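Contents: one structure, followed by commentary.
The values are calculated or read from the model by the stated rules, or taken from the named source; none is laboratory data. Please read all numbers here as calculations on a predicted model, not as lab measurements. Here Cβ is always computed from backbone atoms with ideal geometry, including for glycine, and neighbour counts include all displayed protein chains.
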Amino acid sequence: MDDSAVSAERVRSGDIRATARLISMIEREEPSRLAVLKALHAYGGGAHVVGITGPPGAGKSTLTDKLVAELRGRGRRVAVLAVDPSSPFTGGAILGDRIRMQRHATDEGVYIRSLATRGHLGGLSRSASEAVRVLDAAGYDDVIIETVGVGQSEVDIVRIADTVVLVSVPGLGDDIQAIKAGVMEIGDVFCVNKADKDGAERVVREIRAMLETAVLNGAATRFSALYTARAALAPASTDPATIESARDSLRDSLRGGAMEQGAFHHIAAQAPGHPNLEIPPVVCTVAETGQGIVELVNEIKTHEAALAATGFLRSRREANLAWELGRGAAERVLSALERDERKETMSELARAVLDKRIDYYDALDTLEKALTRY
Amino acid sequence: MERKIRVLVAKPGLDGHDRGAKVIARSLRDAGMEVIYTGLRQTPEQIVSASVQEDVDVIAMSILSGAHNHLFPRVMELLKDKGVDDVLVVGGGVIPDEDIPGLKAAGIAAVFTPGSATTDIIEFIKNNLKRRE
């Protein structure tokens with residue numbers, strides 16, 4: 001199939017070859033992809049985008065395989081983007097996540113695509129957000145993104161996913177790991193996989209203690225805004241009329257969308273020792289045997305419902321898109337600066353700074369002024 | 001951006017020996033290719049479906065069980081059914097010389113038997129891709 005045969009109509013009609021090729025065109029940054037992506041823009045927005053992230057060997061692929069099976073069982077069409085690292089030396093990559101998901105290969109309601117990072121840091125590939133939009137427009141109900149095995153700062157997934165599942169396992173480190181900044185702050189749903197192993201209970205305790213402390217401190221984490229909105233719905237009174245009026249006022253203060261009754265009743269387990277304090281759910285799973293998978297999917301879907309009901313789904317997507325626009329604009333500026341005549345301007349400025357004729361900040365101001373002229 | 005070669009490495013059939021396939025996967029990776037490794041006991045349907053979803057340039061299959069005369073042509077047939085004619089398909093494993101002409105006639109571009117140098121396999125792939133810029 002030729003790239004030119006790829007069209008929005010073919011992607012929309014469920015043509016897997018066209019969808020797969022379009023994602024390749026995105027990866028190659030082919031200018032011809034843009035016409036198709038623009039035509040697809042009218043569609044989509046309905047997919048629930050779920051990120052699965054965690055350290056290498058935590059069982060993300062096996063977990064993803066089981067999530068796909070459970071979601072299929074609920075009648076949903078599912079797409080998976082599985083990201084693995086490229087070698088910084090050869091540019092090659094072994095994309096091995098699929099090995100755990102091959103039983104879904106011939107299920108027409110499942111699309112699985114492996115992506116190499118191709119030098120991009122942050123736990124995803126550069127193409128990931130465009131690929132998600134394609135799969136959303138192609139009509140998948142859930143798009144699951146499995147990140148590379150992450151360390152402590154690969155947090156790009158929060159810019160794409162509606163719901164982030166942070167996967168931990170027993171035996172990775174002492175409790176100080178749980179209070180470090182970075183990946184531990186980005187979960188909406190926490191999963192302790194390999195929960196049949198020694199030390200699982202301790203990991204759960206540590207995560208819960210971390211979450212509880214974050215909530216008590218009013219720390220700005222990924223979930224804190226949602227929980228602030230929830231707190232407005234947790235009146236001290238148990239009087240139904242009071243609860244209802246708190247609900248009404250919150251409903252009024254939030255943009256659009258009918259609030260689903262019941263969505264607020266349950267987002268999270270209560271923090272130990274603080275019966276009125278809510279923290280995100282911590283779910284124990286053994287992905288290998290399927291233990292805990294139903295509960296995990298329930299929590300993921302409950303989170304989605306809560307996002308939708310509070311209006312946070314839209315505000316989260318808006319913030320992410322604004323961030324992505326900023327990144328896109330910065331890339332355009334960079335590439336504009338690298339074009340011939342401007343490159344010469346930069347060289348001239350560099351010489352001027354080296355010769356102490358102007359300082360670094362004057363040079364930046366000059367460049368910025370030059371840019372706004374273009 | 002530089003065109004990356006994407007290769008699906010699969011083990012059709014029932015034998016459980018994937019050492020060779022892993023060596024090939026690693027060598028192709030070191031040659032700068034993106035290798036989607038699908039593992040053991042893949043049916044031709046799974047292989048073809050995965051190669052379409054992954055939009056690969058190459059399918060590399062290894063088989064040691066002796067079922068190559070059935071499974072390799074079956075993959076070619078399924079590719080044809082799906083209208084896929086731009087993927088290079090190569091095979092390898094314990095395959096008697098006398099079976100090779102038949103496999104090539106079925107559309108397997110090359111058959112690499114034990115002792116083949118990985119550099120030859122890499123060269124062959126680079127020189128025989130069906131898709132080009």
> Here are A:139, A:109, A:75: which of them is more than 9 Å from every other protein chain (Cβ to nearest Cβ) and farther than 23 Å from residue A:303 by Cα?
Replying inline: A:109
> Going by the structure shown, is residue B:59 buried (at least 23 other Cβ atoms within 10 Å of the Cβ), at negative phi and either in contact with a Lys or Arg (Cβ under 7 Å, 6 or more places away or on another chain) or in contact (Cβ under 8 Å) with a residue 12 or more places away in the chain (or both)?
Replying inline: yes
> Does residue B:112 qualify as being more than 19 Å from residue B:42 (Cα to Cα) and touching a residue at least 12 places away in the same chain (Cβ under 8 Å)?
Replying inline: yes
> Which condition number does residue A:38 fail, the rest of (1) among the charged types (D, E, K, R); (2) at pLDDT 95 or above; (3) surrounded by 16 or more Cβ atoms within 10 Å (Cβ to Cβ) being met?
Replying inline: (3)
>> Take the conditions within 11 Å of chain A (Cβ to nearest Cβ), in a helix (DSSP H, G or I) and among the basic types (Lys, Arg) and apply them to residue B:11. Does it pass?
In response: no
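Name the residues in the stretch B:117-128 that are surrounded by 15 or more Cβ atoms within 10 Å (Cβ to Cβ) and at pLDDT below 95, would you?
B:118
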> Of all residues in the stretch B:14-28, which are more than 8 Å from chain A (Cβ to nearest Cβ) and either in contact with a strand residue (DSSP E or B) (Cβ under 7 Å, 6 or more places away or on another chain) or of a type outside the set (Ser, Thr, Tyr) (or both)?
Replying inline: B:14, B:15, B:16, B:17, B:18, B:19, B:20, B:21, B:22, B:23, B:24
>> Please go through the stretch A:1-49 and give me each residue that is under 25 Å from residue B:129 (Cβ atoms), away from chain B (no Cβ under 11 Å) and among the basic types (Lys, Arg), ordered by number.
In response: A:10, A:33
> If you scan the stretch B:29-75, which residues turn out to be part of a loop (DSSP other than H, G, I, E, B), under 26 Å from residue B:105 (Cβ atoms) and within 13 Å of chain A (Cβ to nearest Cβ)?
Replying inline: B:43, B:56, B:57
> Hey, among the residues in the stretch B:76-106 that are within 13 Å of chain A (Cβ to nearest Cβ) and surrounded by 16 or more Cβ atoms within 10 Å (Cβ to Cβ), which one's nearest to the chain's Cα centre (by Cα)?
Replying inline: B:87
> Given A:90, A:106, which one is touching a Ser or Thr at 6+ places or on another chain (Cβ under 8 Å), part of a loop (DSSP other than H, G, I, E, B) and over 20 Å from residue A:156 (Cα atoms)?
Replying inline: A:106
>> Taking the conditions exactly as written (part of a loop (DSSP other than H, G, I, E, B), more than 8 Å from chain B (Cβ to nearest Cβ) and surrounded by fewer than 24 Cβ atoms within 10 Å (Cβ to Cβ)), does residue A:119 satisfy them or not?
In response: yes
> For residue A:141, all conditions in the list (1) at positive phi; (2) surrounded by fewer than 18 Cβ atoms within 10 Å (Cβ to Cβ) hold save one; what is the number of the exception?
Replying inline: (1)
> What are the residue pairs meeting all of these: first residue in the stretch A:351-365, first residue at pLDDT 95 or above, second residue in a loop (DSSP other than H, G, I, E, B) and aliphatic (A, V, I, L, M), Cβ atoms under 8 Å, and 6 or more apart or on different chains?
Replying inline: A:352/A:358
> Got at least one residue in the stretch B:63-73 being of a type in the set (Val, Ile, Thr) and either modelled with pLDDT of 95 or more or exposed (fewer than 13 other Cβ atoms within 10 Å of the Cβ) (or both)?
Replying inline: no
>> Taking the criterion of being out of contact with any strand residue (DSSP E or B) (no Cβ under 9 Å at 6 or more places or on another chain) and facing another protein chain (nearest Cβ under 9 Å), would at least one residue in the stretch A:80-91 satisfy it?
In response: yes
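Would you call residue A:112 of a type in the set (A, V, I, L, M, F, W, C) and crowded, with 24+ Cβ neighbours inside 10 Å?
Working: of a type in the set (A, V, I, L, M, F, W, C): yes; crowded, with 24+ Cβ neighbours inside 10 Å: yes.
Yes.
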>> What pairs come out if I take residues in the stretch A:1-13 that are outside any helix (DSSP H, G or I) and pair them with residues that are basic (Lys, Arg) whose C-beta lies under 7 Å away, six or more apart or interchain?
In response: A:1/A:17; A:1/A:21; A:6/A:21
